[in-house]
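The values are calculated or read from the model by the stated rules, or taken from the named source; none is laboratory data. Since this is a predicted model, take the numbers as computed values, not measurements. Cβ atoms come from the backbone with ideal geometry, glycine included; neighbour counts cover every protein chain shown.
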């Protein structure tokens, strides 16, 4: 048998290789799937640190005042220790301490934690051992001059004795696995809001467990268990999850574990892997089996004489079949171990170089099963190929030329393919088909096209050949006629069409997925990198960026972000338009951001950085309302005495904003309700750190016996500490909106009914109004009717309604023209949507982009939910690390960093990211298979082809014509099938790309950009065509070379 | 096993082609006695090889009967024919290489050919004995590629007679051989016939080969046209009474010519009346 296999070494090798490739595909699928599953778990675990992975049991003493953390820990099931390290118990209680006598108390947290002193460095004193001992931080000790022995007035609770004596001074040792994100230090020296006032922060006091005795009823108890990450595998994840579920916490306690979420992530990923891998592999297996059918057929055909001899010597058909199957079956089975080894090797390569570290090597029971199935499938193919030959008569087997002809019609299998492809295409177009059928449709389409092409090319080549013959194109004629009559033509067309389509489809899928991951990463990060600072001061961060040296400054931008608690609410994104255009990534597949609409008003803000504001106010006012109307009819003029209003009921003031964003009002004068005159304004500004002039206003003081005042006030000669502010020009002020007129609810003008002598209302209620104009004598004229509402004219340095670019829906209760957003100070601010887009950088589909400089003019410190970030592009010197260092050098704390490469890595390290890589594998391998098939075709038809060529050579056809004919005969089917395949690949891409999951977790934005990657598809097609074309041409030229007279002699 | 007799009666074989049928044999009546050596002669396309193929059970006759020994071939099933070829009929195809498994030596080929009889309790002729008969023992283990055409042909003979068949059929067993090789093959055939009594029927174009065979049968236009015995040529009366004349006689007796048969002491004489010319008389 071995001699038989060795005798046709080349053919056996090809058969072994194809069989091995089938086995490789079959075995690689479960190996790859399993590795991806493990990689998903490892990637998920790898993204989380020990603190994220811990199991926390939180409890309070609400129901059991004497409960201790150790008692909570004792109630946890023992089975947890298999998956978790021993628990770390902690008790905390919030209280207050007066750091220095006479000062306000500061909030402080008392902390008692297992083995805490082993994780502290004590610069003085010793670990507290009784209820009174306290460890204070080194920073606090220095700041407040606390020493060992200092007694501190610590607030008590519930009658319990609070620890009050400093017994040591600590600094925290860095040990993330112990602290699990518990922070004792970091508050010292900061200002914290306590009881409505700012108080100096104090680091945690470390106390002994006895220090938080039963009297501390508000104490919080926790037990943290660190996960034994290395023990968590796909198989153990479920068991660990069940161990967590088995926890029965005490009353008022809660259990917090990330394992369910991790399990959900992994299960979701596994589902996608199970969807992607088999479908991609199935296409490759289909191509591999098609090639195997061809190779096995060729192998059987070459054994026809031996089968004939076997029959001639008295062996039955069955005995002859056993002989053939023994030889070819053994050859095919030889490929099995090789294929499995290849699959394991490939899987190992993927594990080592593609997947994250820590993915274990696992063979799994599915691999031998898959190999067995592959082996059986290969044997079945060989059997099917041998069967028709073995059914032939001996006389037929003895014929030197097998009795095969090129069919010119569609076979049953071809029709079946066409029907299936049609069903798939129609189903996808009408959205009636999903799942495997939908994903397999591109391959079915290509196979059907290849089958149809087979029938068409045979007919077309015949006609072309005859026509060329008539016209004297000998090479073309010979090639056309040869293509038409070769039985292998249809095989070549079918396989090359399918492979070409697969290559184009796979390349497009990988490219589109890559593009979308890049898009999503860009939108998620916002720019090349985003450094989140610990500063809540937008002005300070902006100043730091603005003061960066040239070379850095143009590659960085400050960005303010204010989120709201509701995740579906609109997040405010404040950035400078020009910088955003330059540094941030524009969200893909949408209209360009109309950043020009966020331009700042021309007017610069007026800074009031001084003591006193002076101005001149010329007024002409009169009261309006009940009793202040015209003389009633019937009342003699001599008897008519209009009411007299005494005092100065009309307030004149300004509104300012502080650097902290507070909006403050300042009265700068009071005006009478009647008469005309001039008031010299001279008022304190009361802005020790400077403030911005926002508006000037008039308002009738409350408690007046008149309904309103009307008239005008001319303001001019605004000066601060004697220096003119230059704001007298009305152009620097923003005209009030007409909507500022408001009904006061008071009576309108009143007239006396001449019939009764009683006053009657004959007009509508008195309304507030305000108009702004240039005063005739210079300055700003406010003309108004005021009934007590604040009638303000604002400086034109900030619009009344903040222009914004809005992504997603208009916030609840608003309209595109006016809705509410949070300013950087966390205050509700009206805004208008100057442009509506699907997505904005970083904030995605729920955000409002505003001009940062406008926000800075308005001022304010960020709320707790706000953050200042610095976004950089990829040209920032030193990259991300360089930017982090620069900001730290400038005194800004960098809390965290998002970067495009990191975000890309996160998206790449996903089930879909890894799964789609398989498409490249399938494309490459299918191309290899197609090349092997061409070699096999050349081997099997070589003798006939070379005899033909030899006969033509003897008949006088020139060598160049013969070479041309041979090349065209070999190349034409490849080129035609390649073109049709590429077309099928494009159509398949359009049809099936929406069905392929590109992300593990779908996102609303950016919208999937499924536009075909024409360049990549074209390039991949050219590569495929080049590979197959070169193989065809080389083989054809070899045949042409071998077609000499010796070949003819063989046939005699 | 001793030789097997061969008898055909009204044997017809028609090849079915796509657009037309071709009658290769049009009523062959032939008897070959057991142990006889017969050469089938005739021009190309006369039906010699078809007749040989029918004797080997490789084709089924369109009409007529074939009897090999006690076996009526036209009534045998496919497995019975397989068994017949495996035990009682050896076939040497034209072209030595077509008879041999290319990756095996001659010894292995002989053993392979004997394989169909193994395990059935049959007594097999030792391989070396078979090889001795064709004088190939010393080359039996050489690769086929190293053998001369004559050695290959004798190897093919060895394979065909490896089961010691009663009938050996050879299709051009000496074609493309030089004289020495041809003689060796003919000597091997004679030895086989002499040693085992095997009936031998060979198809040949070679007149020298025919001259060395005790009996020749000429097939012409799908029928038995003539026979030669010990170098003497005879016309053969068919089952329907017709006598196919040799070509050189037909050249003088054109179709439509009237002849008379005149009986004499020496047999029958064919007489053309007009010129009263006596054609060559043939003893029937």
Going through A:393, A:407 one at a time, which residue ends up being at pLDDT below 90 and within 12 Å of chain B (Cβ to nearest Cβ)? A:393
Unique match (being assigned to a loop (DSSP other than H, G, I, E, B), on the phi < 0 side of the Ramachandran plot, in contact (Cβ under 8 Å) with a residue 24 or more places away in the chain and surrounded by fewer than 19 Cβ atoms within 10 Å (Cβ to Cβ)) among A:143, A:104: A:104
Selected residue (only one of A:69, A:59 is under 30 Å from residue A:136 (Cα atoms), in contact with a helix residue (DSSP H, G or I) (Cβ under 6 Å, 6 or more places away or on another chain), outside the structural domain of residue A:367 (by TED's automatic domain parsing) and crowded, with 17+ Cβ neighbours inside 10 Å): A:59
Single condition residue B:43 does not satisfy, out of (1) under 20 Å from the mean Cα position of the chain (by Cα); (2) modelled with pLDDT under 90; (3) closer than 21 Å to residue B:183 by Cβ; (4) more than 10 Å from chain A (Cβ to nearest Cβ): (3)
Only one of B:131, B:157, B:169 is touching a residue at least 24 places away in the same chain (Cβ under 8 Å) and either more than 19 Å from residue A:315 (Cα to Cα) or not assigned by TED's automatic domain parsing to the domain that holds residue B:204 (or both), namely B:131
Could you grab me the full set of residues in the stretch A:471-511 that are outside any loop (DSSP other than H, G, I, E, B) and free of Cβ contacts under 8 Å to residues at least 12 places away in the same chain? A:471
Please find, within the stretch A:776-788, the residue that is modelled with the lowest pLDDT out of those that are surrounded by fewer than 18 Cβ atoms within 10 Å (Cβ to Cβ) and at negative phi. A:777
Scan the stretch A:531-541 and tell me whether some residue there is within 18 Å of the chain's Cα centre (by Cα) and not in a loop (DSSP other than H, G, I, E, B). yes
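Go through the stretch A:552-568 and count every residue that is assigned to a loop (DSSP other than H, G, I, E, B) and surrounded by 17 or more Cβ atoms within 10 Å (Cβ to Cβ).
3
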Could you list, in sequence order, all residues of the stretch B:133-163 that are within 13 Å of chain A (Cβ to nearest Cβ), closer than 21 Å to residue B:2 by Cβ and assigned to a loop (DSSP other than H, G, I, E, B)? B:161, B:162, B:163
One residue from A:323, A:338 being more than 9 Å from chain B (Cβ to nearest Cβ), touching a residue at least 60 places away in the same chain (Cβ under 8 Å) and in contact with a helix residue (DSSP H, G or I) (Cβ under 9 Å, 6 or more places away or on another chain): A:338
If I go through the stretch A:382-401 residue by residue, how many of them are part of a loop (DSSP other than H, G, I, E, B), surrounded by fewer than 18 Cβ atoms within 10 Å (Cβ to Cβ) and in contact with a helix residue (DSSP H, G or I) (Cβ under 8 Å, 6 or more places away or on another chain)? 3
Output for the stretch B:67-82, where each listed residue is facing chain A (nearest Cβ under 8 Å) and touching a residue at least 24 places away in the same chain (Cβ under 8 Å): B:82
Across the stretch A:1-56, the tally of residues that are within 14 Å of chain B (Cβ to nearest Cβ) and closer than 17 Å to residue A:236 by Cα stands at 0
Restricting to the stretch B:103-112, give me the number of residues that are assigned to a loop (DSSP other than H, G, I, E, B) and either at pLDDT 90 or above or more than 13 Å from residue A:310 (Cβ to Cβ) (or both). 2
Considering only the stretch B:86-118, how many residues are within 9 Å of another protein chain (Cβ to nearest Cβ), buried (at least 24 other Cβ atoms within 10 Å of the Cβ) and under 16 Å from residue B:128 (Cβ atoms)? 2
Looking at B:188, B:210, which is the one that is under 14 Å from the mean Cα position of the chain (by Cα) and either in a helix (DSSP H, G or I) or at pLDDT 90 or above (or both)? B:210
Which of the residues belonging to the stretch A:885-904 are assigned to a helix (DSSP H, G or I) and at pLDDT 90 or above? A:885, A:886, A:887, A:900, A:901, A:902, A:903, A:904
Mind checking which residues of the stretch B:171-186 are crowded, with 21+ Cβ neighbours inside 10 Å and within 13 Å of another protein chain (Cβ to nearest Cβ)? B:171, B:172
Hits in the stretch A:568-596 - residues which are over 23 Å from residue A:873 (Cβ atoms) and touching a strand residue (DSSP E or B) at 6+ places or on another chain (Cβ under 8 Å): A:570
By residue number, the members of the stretch A:229-251 that are in contact with a helix residue (DSSP H, G or I) (Cβ under 7 Å, 6 or more places away or on another chain) and over 21 Å from residue A:363 (Cα atoms) are A:229, A:240, A:241, A:243, A:244, A:246, A:250
Exactly one of (1) farther than 20 Å from residue A:5 by Cα; (2) within 14 Å of chain B (Cβ to nearest Cβ); (3) surrounded by fewer than 17 Cβ atoms within 10 Å (Cβ to Cβ) is unmet by residue A:302. Its number? (1)
